[in-house]
Amino acid sequence: MAGVPDFDLRRLDEGPSERAAFLAALRQAARDVGFFTLSGHGISPAQIAETQALARRFFALSLSEKRAVAMIRSPHFRGYTEAGREITRGTPDWREQFDIGAERPALPRRAGDPAWTRLQGPNLWPAGLPELRVGLLCWQEAVTRVGIRVLRAFAEALGQPEDAFEPIYAGAPNQHIKIIRYPGRDGTEGDQGVGAHKDSGLLTLLVQDGQSGLEVEGPEGWISVEPREGRFVVNVGELLELASDGYLRATVHRVLTPPAGRDRLSVAFFLGARHDAVVPLLTLPPSLADKARGPVGDPDKPLFHEVGRNTLKGRLRSHPDVAARHYGDLLPTGAA
């Protein structure tokens, strides 16, 4: 693989033969690489630029303003995380970030309810940047529409009805935005912006700035995903890998720290299933089922078809400080 393939989503509307060719190529890319870039998505360059500018303005706030909305304050894993505070595969990531989800009220705590019900709740917003709330929620709505359209294309490419995945996201999809700044540092201090990992949801849609750093693991080493203006980087998540019995590939990827004196900004959107959903195992056409490899297991990170259980497991591992403050009752046995 010399690089990741590029797709124009408008091909879906250019007639039956072009649509079929697009879906076949999409299926192949998702199986062989697990990553691609996407144009023709319908989100304007102005909205992309404004969202990136809002992210920059947030990270320019004083540390005390950012700490006022620190994730440690949220049992729903929302808010600001300082560089070195999120963990990937046991090692701190060198990035500062701000996480939001769908604006929904916290669910009441009742005896016997699954622990993942605590994940739902309101976001934290910085008092000194009220426009961030408006801008990021508008971005969430726009990118959700793109993500669902891509998800419907995947369903069709797998020989399913377009709405095959709708039962597991309809009504309350897991909508997770993470704005991220990777501060530059000297190479002797380490190069882990974020460590090698797979994404846990259905799809990820990412906007990069002009600084490179994202790399995808290929059969012969790491492949750089170079920034391309106006394009999303899209990758398959583990839930799609589970649903397709491993026909689609959730690919390991990482981000390298920029050199000293530079930084890298990205806006990531993770589209997932509802927390109360169970991921189905699709019945693929025989020509595809014969090539399904089964999901790639990781003994240190087991996958569950129960979405809420799977999501909470990942949050507890990545944010041990939030876990200790708000989920201490789960930690002695590791139950989720």
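The values are calculated or read from the model by the stated rules, or taken from the named source; none is laboratory data. Here the structure is a predicted model, which is why all the values come from computation and not from measurement. Methodologically, a virtual Cβ is constructed for each residue, glycine included, from the backbone with ideal geometry; neighbour enumeration extends over all protein chains shown.
Values computed for the structure shown
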read-out	value
Where Gly210 falls short, out of the listed (1) crowded, with 22+ Cβ neighbours inside 10 Å; (2) over 13 Å from the mean Cα position of the chain (by Cα)	(1)
Any hit, segment 67-82, residues being of a type in the set (A, V, I, L, M), closer than 23 Å to Val234 by Cα and free of Cβ contacts under 8 Å to residues at least 60 places away in the same chain	no
Helices (runs of 4 or more DSSP H) within segment 1-114 that include 2 or more residues at pLDDT 95 or above, out of contact with any Leu (no Cβ under 8 Å at 6 or more places or on another chain) and of a type in the set (D, E, K, R)	63-67
Flag for Asp6 being loosely packed, with under 14 Cβ neighbours inside 10 Å, within 24 Å of Gly210 (Cα to Cα), in contact (Cβ under 8 Å) with a residue 60 or more places away in the chain and in contact with a strand residue (DSSP E or B) (Cβ under 9 Å, 6 or more places away or on another chain)	yes
Residue that is nearest to Gln28 (Cα to Cα), among those in segment 146-162 that are surrounded by 13 or more Cβ atoms within 10 Å (Cβ to Cβ) and of a type outside the set (A, V, I, L, M)	Phe154
Residues satisfying the stated conditions in segment 262-298, i.e. of a type in the set (A, V, I, L, M) and within 15 Å of Phe165 (Cα to Cα)	Leu271, Ala273, Ala277, Val278, Val279, Leu281, Leu282, Leu284
Filter result (of a type in the set (D, E, K, R) and over 24 Å from Glu220 (Cα atoms)) within segment 1-46	Asp8, Arg10, Arg11, Asp13, Glu14, Glu18, Arg19
Exclusive hit being farther than 23 Å from Ala153 by Cα and of a type outside the set (Val, Ile, Thr), set Glu103, Glu18	Glu103
Qualifying positions in segment 259-274 - at pLDDT 95 or above and in contact with a Lys or Arg (Cβ under 9 Å, 6 or more places away or on another chain)	Asp263, Arg264, Leu265, Ser266, Val267, Ala268, Phe269, Phe270
Matching option when the condition is of a type in the set (D, E, K, R) and either within 29 Å of Arg73 (Cα to Cα) or at pLDDT 90 or above (or both), among Arg293, Arg317	Arg317
Which listed residue is buried (at least 18 other Cβ atoms within 10 Å of the Cβ), within 14 Å of the chain's Cα centre (by Cα) and under 30 Å from Phe36 (Cβ atoms), from Ile168, Ile100	Ile100
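Rundown of residues vs (1) in contact with a Pro (Cβ under 7 Å, 6 or more places away or on another chain); (2) closer than 17 Å to Leu206 by Cβ; (3) crowded, with 19+ Cβ neighbours inside 10 Å, yes/no style:
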position: Met71; (1), (2), (3): no, no, yes
position: His76; (1), (2), (3): no, no, yes
position: Thr81; (1), (2), (3): no, no, yes
position: Thr91; (1), (2), (3): no, no, no
position: Val134; (1), (2), (3): no, no, no
position: Leu137; (1), (2), (3): no, no, no
position: Ala142; (1), (2), (3): no, yes, no
